[in-house]
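Notes to accompany the following structure.
The values are calculated or read from the model by the stated rules, or taken from the named source; none is laboratory data. Worth saying up front: this structure is predicted, and the values here are computed from it rather than measured. So basically every Cβ, Gly included, is an ideal-geometry build from the backbone, and we count neighbours across all protein chains shown.
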Amino acid sequence: MSLLPRDEKFYDFFLQQVRIICQAADLLLEGARAGSAQLATAAVRIRALEQEGDEVTHEVYVRLNQTFITPLDPEDIQSLSSHLDDVLDGIEEAAHRMVAYRLTDIPPIVVELCRIVRSCAEELRKAFEALSNNGELAEHTIEINRLEEVADQLVRSAVSDLFQTEKDSILLMKLKEIYEFLEQTTDACEDVADALQTVTVKNS
């Protein structure tokens, strides 16, 4: 029996973070599909989830400072938790902007980007479940990378179309910013996937 057992609680923290992210991504997609009225309600709930996520992130840092032997390198635990926090922050910020800018209609491209964010969140959940069970992560990290590339290409095309077709310069800038915030959220998901790949290599 080990006198210095590893603290496996960190896996539970990661799973808490990704479940909160999935809830927030669900709300974001549902709100975007339903329109501006429901989106305002969704944004309030997402904000509450973001605060809940911050509390989990704080618990990770507290636990790191109190734990002698961790299941992964401490810097990897911190990196994973921090990148997950960035994903949740991105979802919250995107929802906030969509409400604050008072969009009358939610463009289909925004709904599609929200759907991609939701798909990334689901792949993150599967990846961290695999991590906690010593399972295979590759298919999930590869899919997140693919989804990020899809979002990147969609935003490039959508921004180009905006500058060619949108006559209202204020609306143009609002939409461009929302597109880019959503794309940056998929970037944050890719950052998590990259950090997971680093963990896999270091522990293989």
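Overview of results
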quantity	calculated
LEU124 vs. criteria more than 16 Å from ILE21 (Cα to Cα) and in a helix (DSSP H, G or I)	no
Failed condition for THR104, given (1) among the β-branched types (Val, Ile, Thr); (2) under 17 Å from TYR11 (Cβ atoms); (3) surrounded by fewer than 15 Cβ atoms within 10 Å (Cβ to Cβ)	(2)
ALA195 being at pLDDT below 95, touching a His at 6+ places or on another chain (Cβ under 9 Å) and surrounded by 15 or more Cβ atoms within 10 Å (Cβ to Cβ)	yes
Of the criteria (1) of a type in the set (Gly, Ala, Ser); (2) over 19 Å from GLU183 (Cα atoms); (3) over 16 Å from the mean Cα position of the chain (by Cα), which one SER157 fails	(2)
Residues satisfying the stated conditions in segment 69-128, i.e. among the acidic types (Asp, Glu) and either more than 19 Å from ARG47 (Cα to Cα) or in contact with a Gly (Cβ under 7 Å, 6 or more places away or on another chain) (or both)	ASP73, GLU75, ASP76, ASP85, ASP105, GLU112, GLU122, GLU123
Criterion (touching a Phe, Trp or Tyr at 6+ places or on another chain (Cβ under 6 Å) and either closer than 25 Å to ALA34 by Cα or without any contact (Cβ under 8 Å) to a residue 24 or more places away in the chain (or both)) met by exactly one of VAL155, VAL111, VAL150	VAL155
Odd one out for LEU64 among (1) closer than 14 Å to GLY31 by Cβ; (2) touching a residue at least 12 places away in the same chain (Cβ under 8 Å)	(1)
Filter result for the condition that a residue is out of contact with any Pro (no Cβ under 6 Å at 6 or more places or on another chain), of a type in the set (S, T, N, Q) and modelled with pLDDT of 95 or more, over GLN164, GLN153	GLN153
Residue match in segment 102-116 (condition: outside any helix (DSSP H, G or I) and among the charged types (D, E, K, R))	yes
Matching option when the condition is of a type in the set (S, T, N, Q) and in contact with a helix residue (DSSP H, G or I) (Cβ under 7 Å, 6 or more places away or on another chain), among SER119, SER160	SER119
Which numbered condition LEU137 fails, given (1) modelled with pLDDT of 95 or more; (2) closer than 21 Å to ARG19 by Cα; (3) crowded, with 16+ Cβ neighbours inside 10 Å	(1)
Matching option when the condition is under 16 Å from the mean Cα position of the chain (by Cα) and either in a helix (DSSP H, G or I) or at pLDDT 90 or above (or both), among LEU39, LEU29, LEU64	LEU29
Residue identified as under 13 Å from ALA94 (Cβ atoms), in a helix (DSSP H, G or I) and either free of Cβ contacts under 8 Å to residues at least 12 places away in the same chain or not aromatic (Phe, Trp, Tyr) (or both) among ILE170, ILE178	ILE178
